[in-house]
Amino acid sequence: MAPRYYWKGYLKLSLVTCPVAMTPATSESEKVRFHTLNRDTGNRVVSQYVDSVTGKPVKDENEAKGYARGENDYVILTEDDLDRVALDTVKTIDIEKFVPANSIEWIYLEKPHYLMPDDAVGNEAFAVIRDAMKADKVVGVSKLVMGRRERAVILEPRDEGIVLWSLRFGDEVRPEENYFEDIEAEADPDLVPLVQQLIKQKSARWSTNMVRDPIQASLVKLIEEKKKLLKPKKTAKGKTAPAPASNVVNIMDALKKSIQADLKGRKAG
């Protein structure tokens with residue numbers, strides 16, 4: 001399956017330009033998501049915009065952006081208005097500066113994206129920019145419009161591609177000294193070796209298993225169990241027969257046994 005790209009445009013360094021495509025490096029599409037239902041009917045509940053004064057639904061074509069200049073007083077901006085103020089960075093990542101790769105503090109890194117050539121003709125230009133940054137151990141600094149906001153971004157060479165990180169704005173970052181400067185406790189030098197011993201015992205190679213979501217796994221298991229209970233079974237004649245109650249009874253028995261075992265364990269404790 002061909003990848004779906006979040007953004008397409010151009011990577012530019014001085015007079016060198018190449019077409020590129022970008023996609024988020026992380027995804028939450030595998031997360032279990034729920035719809036809101038009417039419990040009585042089982043039907044989905046839908047939401048819609050309504051006029052706060054008339055109470056009537058607003059059609060999609062009548063929706064507009066509004067900037068408040070006073071109470072119940074707005075400056076209305078249409079999509080055409082917003083398009084007219086679009087910046088060049090909507091379609092071009094123009095590398096303005098290079099900085100040492102280790103000079104950007106971790107707290108400014110917001111979200112990673114994979115950046116790759118979008119045309120075989122641009123492969124060489126892309127590779128030259130990537131390898132030059134690798135050789136000099138630098139990252140490129142640029143700007144890009146994301147979600148109608150111009151964001152500062154950095155371009156980090158990674159394997160055969162480039163990782164583009166969107167950066168947080170300076171006023172979004174809280175200085176750590178405001179929170180750490182009053183910590184006055186000093187570690188007992190006799191205790192540090194003991195903790196180091198614990199660290200050694202618990203040390204292991206990094207694995208993605210360390211960041212698995214147990215709640216997600218439990219939800220998937222629960223949903224699968226419920227799907228089995230609700231799935232109709234067909235008879236030899238092709239008619240659907242109600243699912244046997246034995247599954248429900250087994251689960252009920254298992255729950256009762258679990259509760260009894262828990263109570264015995266508490267009494268024994």
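Before moving on, here are some points about what is shown:
- Members of the range 102-146 that are of a type in the set (Phe, Trp, Tyr) and farther than 25 Å from residue 28 by Cα: 126
- Applying the criterion of being modelled with pLDDT under 90, over 24 Å from the mean Cα position of the chain (by Cα) and assigned to a helix (DSSP H, G or I) to the residues of the range 86-134, the residue that is surrounded by the most Cβ atoms within 10 Å (Cβ to Cβ) is 122.
- Residues (over 28 Å from the mean Cα position of the chain (by Cα) and not in a helix (DSSP H, G or I)) located in the range 162-209: 181, 182, 183, 184, 185, 186, 187, 188, 189, 190, 191, 203
- Condition check for residue 176: over 30 Å from residue 21 (Cα atoms), surrounded by 10 or more Cβ atoms within 10 Å (Cβ to Cβ) and modelled with pLDDT of 85 or more: yes
- Residue 204 meets the conditions (1) surrounded by 10 or more Cβ atoms within 10 Å (Cβ to Cβ); (2) closer than 28 Å to residue 30 by Cβ in every case but one. The failed one is (1).
- When residue 74 is tested against (1) more than 30 Å from residue 176 (Cα to Cα); (2) open to solvent by less than 70 Å² (accessible area, probe 1.4 Å); (3) modelled with pLDDT under 95, exactly one condition is not met: (2).
- Residue within the range 39-61 that is open to solvent by less than 100 Å² (accessible area, probe 1.4 Å), under 30 Å from residue 223 (Cβ atoms), hydroxyl-bearing (Ser, Thr, Tyr) and outside any strand (DSSP E or B) present: yes
- Comparison of 142, 166 shows that the only residue that is surrounded by 10 or more Cβ atoms within 10 Å (Cβ to Cβ), closer than 14 Å to residue 10 by Cα and among the hydroxyl-bearing types (Ser, Thr, Tyr) is 142.
The values are calculated or read from the model by the stated rules, or taken from the named source; none is laboratory data. Keep in mind the model is a prediction, meaning the values are calculated, not measured. Methodologically, a virtual Cβ is constructed for each residue, glycine included, from the backbone with ideal geometry; neighbour enumeration extends over all protein chains shown. Surface accessibility is based on the protein's heavy atoms, side chains included, excluding ligands, DNA and RNA. Shrake-Rupley method; radii C 1.70, N 1.55, O 1.52, S 1.80 Å.
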